[in-house]
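Encoded as structure tokens, the structure appears first; notes follow it.
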Amino acid sequence: MNNKSKSEAGYFAIARESADFSFEDFVSRYYSTEQPVIIEGVGESWPAKQRWTETYIRQALAKETKAEAASLWYWMERDMLSGDYQTPKLVQRLLDASNTFTRSKSMRIWVHNQDNVSSWHFDGNMVSVFNTQVTGQKEWFLVSPDTPLHCYPFVNFAIMNGNDAKSLIHKRYTHFMLNEGDMLYIPPLWFHKVISKAPENISLNWIMTKKETTVCSKTLNRELEKYRLQEYLFKHRFAWVKRTSKMIDAKLPGFLRSNWRYQSMIITQQPQRRFGLARYVLEELSALGRTLWHARKARSYYQQLKPVKQLDKADMNQPD
Ligand SMILES: [Fe+2]
């Protein structure tokens, strides 16, 4: 692990471990402290490395009744296409752990062409992500949830200002290439920006949510206040708020949805701020000026986002 203290701003080199790294060491050094790490060579000998192309993925998933195309990625159930990869043992153990929220579709496949950019954001539902670069290469930037970027009001996307160097001032961040076969652990609430480097880049993710965390951060505080606000509004007979919020969520692509998807919130030691909800709402609304100022950058970014191709289940035996 790097020597820099967790709260110190500036660049740090991401930790790297080998594929035979033990579960216990992974948990104590990275998972419980929520620090990112690259585990090298995880997918080195997977058949997927040779087999996977966009065409292969679409044809293989079209045969799986429960696989589906989301807005920007494909969802899979655990162990689908299992002849193509081996689920790392540490991922298996975390998916099976009693203190993990899992979902029926716990795997995602991303297919990106060269120069595709995923703009700054952190993943919703406080997911821990195990992201293996099956083919290709991606350039990653990660920013600690202790030094958050400015976000659009009430969502987990950072305001696009067209100036990464400026955004990273006073942030605790790392920057690296994720190479073919390597697996990146992205802890909950870490901001990331990702740029695809090879002609075709396919990533396989496992995602899950810890039911309990001992790590506190500004971003966790913001997430908790968002959920407390939702609960407050929903519980105080503002039925129209709940209806509207669910309606907006249903219309949004998955990566912009804001509703917590589990029965209960995670257990944390994050202290609650005095007048937290009121302060939260004021802080979110204060981001409106910055949002409007940079609105053009966001519009052009969303216009060039390419949703994944739908899975043509009826036509699954036809060549692409
Ligand atoms: Fe993400």
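The values are calculated or read from the model by the stated rules, or taken from the named source; none is laboratory data. Note that the coordinates shown come from a computational prediction; the quantities given were computed from them, not determined experimentally. Here the Cβ is made from the backbone with ideal geometry for all residues, glycine too, and neighbour counts use every protein chain on show. All accessible areas refer to the heavy atoms of the entire protein, side chains included, with ligands and DNA or RNA removed. Shrake-Rupley method; radii C 1.70, N 1.55, O 1.52, S 1.80 Å.
Cα convex hull, region 49-113: 107 Å³ per residue, rounded to a whole number. Carbon-plus-sulfur accessible fraction, the chain (probe radius 1.4 Å, protein heavy atoms only): 52%. For the chain, the alpha-carbon radius of gyration amounts to 1.00 times the rule-of-thumb value 2.2 N^0.38 Å expected for a compact globular protein. Between the C-alpha center of region 77-138 and that of region 14-39 there is a gap of 16 Å. Solvent-accessible area of residue 226, all protein chains in place: 20 Å² (probe radius 1.4 Å, heavy atoms, ligands and nucleic acids excluded). Computed from Cα positions, the angle between helix 295-304 and the longest principal axis of the chain comes to roughly 20 degrees.
Here's how it looks for residue 15: its modeled amide H is under 5 Å from those of 2, 38, which are all 5 or more places away or on a different chain.
In terms of accessible area, using a 1.4 Å probe and ignoring ligands and nucleic acids, 151, 216 rank largest first as 216, 151.
Say we join alpha carbon atoms closer than 10 Å with springs in a Gaussian network model of the chain; which of 72, 282, 178 then has the biggest fluctuation? Ranking 72, 282, 178 by mean-square fluctuation puts 282 first. Only protein heavy atoms count here; on that basis, with a 1.4 Å probe, residue 8 has an accessible area of about 90 Å². Under a straight-distance cross-link criterion of Cα-Cα below 21 Å, which lysines are reachable from residue 171, leaving out those fewer than 8 residues away in the same chain? Straight-distance partners of residue 171: 4, 6, 193, 218.
Measure up 63/309; 105/210; 49/197; 211/246; 246/313 against 21 Å on the Cα-Cα distance and list the ones that go over.
Pairs exceeding the cut-off: 211/246; 246/313.
For the residues 130, 21, a 1.4 Å probe over the protein chains yields an accessible-area ranking, largest first, of 21, 130. Sorting 251, 210 by accessible area puts them as 251, 210; the probe is 1.4 Å, largest comes first, and only protein heavy atoms count.
Among the protein heavy atoms, those of residue 160 account for about 20 Å² of accessible surface (1.4 Å probe, every chain in place). In terms of its C-alpha gyration tensor, region 115-167 has an oblate overall shape, because the principal axis ratio a/c (a ≥ b ≥ c, square roots of the eigenvalues) is not below 1.5 and a/b does not outweigh b/c. For region 211-217, putting each phi into the Karplus relation 6.51 cos²θ - 1.76 cosθ + 1.60 with θ = phi - 60° gives couplings of 7, 9, 9, 9, 8, 9, 7 Hz, in residue order, rounded to whole numbers and with x for Gly and Pro.
Derived scalar couplings between HN and Hα for region 142-153 equal 10, 10, 5, x, 6, 10, x, 7, 6, 10, 4, x Hz in order, rounded to whole Hz, by the Karplus curve 6.51 cos²θ - 1.76 cosθ + 1.60 (θ = phi - 60°), x for Gly and Pro. Compute the distance from the alpha-carbon center of region 148-175 to that of region 248-280, in whole Å. Taking the Cα centre of each part, region 148-175 and region 248-280 sit 19 Å apart. Toward the positive end of the charge dipole of the chain, with +1 on the Cβ of Lys and Arg and -1 on the Cβ of Asp and Glu, the farthest Cα among 59, 152, 69 is that of 152. Heavy atoms of the protein chains alone define the surface here; on that basis the chain has 50 Å² accessible area per residue at 1.4 Å probe size.
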